[in-house]
Amino acid sequence: MSGKITLSEAERSALFWLKAQCSTPNGQCVEIASAVGKIAMRDSKDPDGPILVYTPTEFSAFLEGARNGEFDHVVLIAVSPLDAKQDRAVRHAALT
């Protein structure tokens, strides 16, 4: 597939949304669902809002990166913005 991946109305209505067990009870989480050849993601606070759609290969690459800690710094920055400058310096040093 190339370009933007979309879901048909039939696919959208058949989606069964899942969220992580460790998600907050107030609904602030990301939900995922699958259709044939597609993985869908949405914000649980906005169930009628936009849905991002990825191929299984793209989503698997994201999961592998998450398992390897490649995105841990993003959470660190979001939780503690004062650490963002230090984080950028650490990432820059790792790349040089």
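Taking label points 7 Å from Cα along the Cα-to-Cβ direction, Ser44 and Lys4 give a separation of 2.7 nm. Put the Cα centre of region 1-53 next to the Cα centre of region 55-77 and the gap is 17 Å.
Just so you know, all these numbers are worked out from the coordinates, no wet-lab data involved. Predicted model, so just to flag it, every value in this text is computed and none were measured. Don't worry about glycine lacking a Cβ; one is built from the backbone with ideal geometry, like all the others, and counts go over all protein chains shown.
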